[in-house]
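What follows is a set of notes on a single structure, which appears directly below.
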Amino acid sequence: MNISVTTNPVKKIKTELLVFPFTTGSLKKIAGGILHDFGYDAAVLRDFKAEAGELVILYGAMGKTSAERVALLGIGDGKKISDCRKSSTALAGKALDLKIEAVAVDFSGVKGFASSAKSSVASICSAFIEGCYSGSYRFDRLKSDKLKKKKDESDKKKEIVELILRSDPAQCSAVEDGVAAGIITGSCQNMARDLVNLPGNLLQAEDISAAAVESGQRCGFDVKVFGKEEIEDLGMGGLLAVNRGSLHPPTFTILDYKPEGKAARTVALVGKGVTFDSGGISLKPSEGMGEMKSDMSGAASVIGAVEAVARLGLPIRVIGLIPATDNMPSGSATKPGDVITTYSGITVEVGNTDAEGRLILADALSYAKKQYNPDVIVDLATLTGACIVALGYSVAGLFSNDDRLADDIFQAGQLTGEKVWRMPLWEEYDEMIKSDVADVSNLGARGAGSVTASRFLEKFIDGHKKWAHIDIAGPSFSAKGAKVSGATGFGVRLLVELLKKWS
Ligand code: BES
Ligand code: MN
Ligand code: ZN
């Protein structure tokens, strides 16, 4: 996507689709005038209400403007920045469906939107661009016609090719700043979606590591990859236990972004990287099992977030830690009842081999604490089906031992539309993960499955005081048949917003 900002008058802009965004308030004030100016019938306003994402395309104004079509785009009541993102997501999706390659948006009123949303011009623009990336994303690279083409050729067609934002001269530099930030977050989120959408046969643990290495080389941060031998030497018994049934070696990847000057703080981001979760010996039912290629969504979002922070050059040190493997049954696989020793020395009875995420996260969390002692640890994981039962498919579960941290994450969720809802993390639940033979069991009793999973994780942070776990099992992947099915990249925007706040 080639995005530019212009201060030229809107009518002079050559484009296939010229878009006027309206809040419900600005609709009443100025829409009539604009329609009149282009020679359109104002009767369209009987149906168009400027709800977030609402879009009407009008034809036949050629001669009055250099654009082939004009569109009215609703951005809601103007109070929520996330509505702005939602509207551009809808716009970009429509443009893609209509194969419109050049779009221009009149952002002359951006100052008004920014003040009604209690935000800045740059943030509004950034959110708008993020939505453009999100809405124009399609995963089609495995279709045979795309496979035949060279990579750069096939990449072009999946996005709007040219996007122009029209700004008042006074706002121009803020608009440009916002656009630049939006491009970074939007493209990093789409990169995460690509990784998640790749099926298990095309993305193994080593491929996740390779993606991190490539990102580090391109964006200037260090990446270290531990292979199976190093993981054995480190004694990461959780990761090794999950990997036992696999034909592919596990990896443990560390992404380390250090800012140029002094870092405001050090944050560790841990992402679950199960490239395919069959359940192992505790095999999952076959229905919907294919979706378990998305069980490395946490890992993908962590890579996306670290890359974004590096490209934004935020003054904060961010360490991404990714334990990766698939979870497969075989003669050598870990069995229910087995007892393993994790990196921390804590022993775990494997009550169910399908509760594998917490085993690999246990090692990564202990490693993060021991090796880096960061100011904050946040982990992202498609950890439990129970979290979907509790919160559904659009909201993530949040568990934290620190109220301020939980509040910061909650607020970042409201701003980015990647919403989280806090759940309890009380010691009452420990009763449910007791083991008769080991220090702890990876399997809870009936009920509160996402809470017992979180209590399990907490045992491995060794008393760290600022830790949050985000269970993204619901929002990371949309089932077949959804408007845009597959990976959402949930977590990239959330983490980037959080890290911006701390910068
Ligand atoms: N990866 C799954 C959780 C999941 C389920 C993610 C649905 C996305 C959609 C996880 O490894 C798992 O299997 N959890 C089990 C835990 C249980 C065995 C204690 C679950 O939620 O059923
Ligand atoms: Mn599982
Ligand atoms: Zn899993």
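Of note:
- Considering residues of region 244-271 that are open to solvent by less than 50 Å² (accessible area, probe 1.4 Å) and of a type in the set (A, V, I, L, M) only, the residue farthest from ligand 3 (Cβ to nearest atom): Ala263
- Any hit, region 390-401, residues being within 19 Å of Ile319 (Cβ to Cβ), within 14 Å of ligand 1 (Cβ to nearest atom) and in contact with a Lys or Arg (Cβ under 9 Å, 6 or more places away or on another chain): no
- Condition check for Val274: in the same structural domain as Asp222 (by TED's automatic domain parsing), within 13 Å of ligand 1 (Cβ to nearest atom) and open to solvent by less than 50 Å² (accessible area, probe 1.4 Å): yes
- Qualifying position, being touching a helix residue (DSSP H, G or I) at 6+ places or on another chain (Cβ under 9 Å), over 28 Å from Gly135 (Cβ atoms), surrounded by fewer than 19 Cβ atoms within 10 Å (Cβ to Cβ) and not assigned by TED's automatic domain parsing to the domain that holds Tyr137, among Gly220, Gly237: Gly220
- Residue check, Gly227 open to solvent by 10 Å² or more (accessible area, probe 1.4 Å) and either under 14 Å from Gly357 (Cα atoms) or in contact with a strand residue (DSSP E or B) (Cβ under 7 Å, 6 or more places away or on another chain) (or both): yes
- Residue match in region 435-450 (condition: in the same structural domain as Ser294 (by TED's automatic domain parsing), in contact (Cβ under 8 Å) with a residue 12 or more places away in the chain and part of a helix (DSSP H, G or I)): yes
- Pick from region 440-461, criterion within 16 Å of ligand 3 (Cβ to nearest atom) and among the aliphatic types (A, V, I, L, M), ranking: most open to solvent (accessible area, probe 1.4 Å): Leu443
- In this structure, Leu91 does not qualify as free of Cβ contacts under 8 Å to residues at least 24 places away in the same chain and surrounded by 15 or more Cβ atoms within 10 Å (Cβ to Cβ).
- Any hit, region 103-111, residues being modelled with pLDDT of 95 or more and assigned to a helix (DSSP H, G or I): yes
- Candidates Val161, Val213 - the one that is at pLDDT below 95 and among the aliphatic types (A, V, I, L, M): Val161
- Any hit, region 229-247, residues being modelled with pLDDT of 95 or more, within 16 Å of ligand 2 (Cβ to nearest atom), under 26 Å from His469 (Cβ atoms) and among the β-branched types (Val, Ile, Thr): yes
- Candidate set: region 272-299, residues that are outside any loop (DSSP other than H, G, I, E, B), within 13 Å of ligand 2 (Cβ to nearest atom) and of a type in the set (A, V, I, L, M, F, W, C); chosen: the one farthest from the chain's Cα centre (by Cα): Met289
- Cβ pairs under 9 Å, 6+ apart, first in region 315-342 and within 21 Å of Met292 (Cβ to Cβ) and of a type in the set (Asp, Glu), second away from ligand 2 (no atom under 15 Å from the Cβ) and open to solvent by 50 Å² or more (accessible area, probe 1.4 Å): Asp326/Leu247; Asp326/His248
- Test: residue in region 60-81 that is assigned by TED's automatic domain parsing to the domain that holds Ser123, under 30 Å from the mean Cα position of the chain (by Cα) and assigned to a helix (DSSP H, G or I): yes
The values are calculated or read from the model by the stated rules, or taken from the named source; none is laboratory data. In this text, all values refer to a predicted model and were calculated from it rather than measured experimentally. Glycine also receives a Cβ, built like all others from the backbone with ideal geometry; neighbour counts cover every protein chain displayed. Side chains included, ligands, DNA and RNA excluded: accessible areas come from the protein's heavy atoms. Shrake-Rupley method; radii C 1.70, N 1.55, O 1.52, S 1.80 Å.
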